[in-house]
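Structure, as structure tokens:
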Amino acid sequence: MKKVLILGASGSIATLVTRNLLDDSRVQLTLLVRHPERLAADIRNDSRVTVVVADVVKDTDQLAAALQGQDLVYANLYGANLKQQGAAVVAAMTAAKVNRIIWISANGIYNEIPGKYGQWNAQMLGSTLTAYAAGAKVIESSRLAYTIVRPAWFSDKDMVSYELTQKGQAFKGTEVSRKSVAAYLTTLILDDSQAIKQSIGISEPNTAGAKPSF
């Protein structure tokens, strides 16, 4: 049984990933959330799901307990204090001897987006982009086996279609479906030997432009 801890599990992408993982009987999930009422009932009541109510910065004891025996952490965190959240997660994982983490960030954290879309993205995200960059830097500076995933702007298209770019390459595209990001994350979690110590950009092919279509 593969044991996965999801941080920030009530988010839209995390919800899709959770449902994908529950389709695989070999996976057991621990979902750490601040607002358990935001979890869908079918997820909350699944026999292979354990729900932990905690804040990764404030509730370090609960985070430490949730990490015991886990094989992998998937962090879908958000907020102005992502640097502090990253530091708390790294410290807790190191203490618990859990080494593998998949960390969700945002496109643009390395100024890797060329042209007008890069300018638009930085303007729209503002201080949020700064927080994402600070959080990612903490993860990259750690000794953990990390994969950072940098999605373009999310669409609700009912499709899975994506292309990937590496850190150091110009980011492609302006948007990507939530389903596509969830599909990629699911493959990373189920085969967690992929993309170790890599920062991966993900977008829908042929969506280049000054901003997303929506």
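The values are calculated or read from the model by the stated rules, or taken from the named source; none is laboratory data. Since the structure is predicted, the reported quantities are computational estimates derived from the model, not experimental observations. Neighbour counts are summed over all protein chains in view; Cβ atoms, including those assigned to glycine, are modelled from backbone coordinates with ideal geometry. Protein only, heavy atoms only, side chains kept; ligands, DNA and RNA dropped before computing areas. Shrake-Rupley method; radii C 1.70, N 1.55, O 1.52, S 1.80 Å.
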Mind checking whether some residue in region 111-121 is under 16 Å from the mean Cα position of the chain (by Cα), within 24 Å of Ala182 (Cα to Cα) and modelled with pLDDT of 95 or more?
no
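Report whether or not Leu22 is touching a helix residue (DSSP H, G or I) at 6+ places or on another chain (Cβ under 9 Å) and farther than 20 Å from Val89 by Cα.
On the way: touching a helix residue (DSSP H, G or I) at 6+ places or on another chain (Cβ under 9 Å): yes; farther than 20 Å from Val89 by Cα: yes.
Criteria met by Leu22.
So, of the residues in region 1-59 that are assigned to a helix (DSSP H, G or I) and of a type in the set (Asp, Glu), which turns out to be most open to solvent (accessible area, probe 1.4 Å)? Break it down stepwise before answering.
Keep residues of region 1-59 that are assigned to a helix (DSSP H, G or I), which gives 12-22, 36-38, 41-44.
The next check asks that each one be of a type in the set (Asp, Glu); those that pass are 37, 42.
Details: Glu37: 126, Asp42: 87 Å².
Top of the filtered list is Glu37.
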Being modelled with pLDDT of 95 or more, part of a strand (DSSP E or B) and in contact with a helix residue (DSSP H, G or I) (Cβ under 9 Å, 6 or more places away or on another chain), is that true of even one residue in region 75-91?
yes
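Mind checking which residues of region 169-192 are of a type in the set (Ser, Thr, Tyr) and in contact with a Lys or Arg (Cβ under 9 Å, 6 or more places away or on another chain)?
Quick first cut of region 169-192, residues of a type in the set (Ser, Thr, Tyr) only: 174, 177, 180, 184, 186-187.
Correct list: Thr174, Ser177, Ser180.
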Hey, can you tell me all the residues within region 97-151 that are under 18 Å from Leu164 (Cβ atoms) and basic (Lys, Arg)?
Arg150
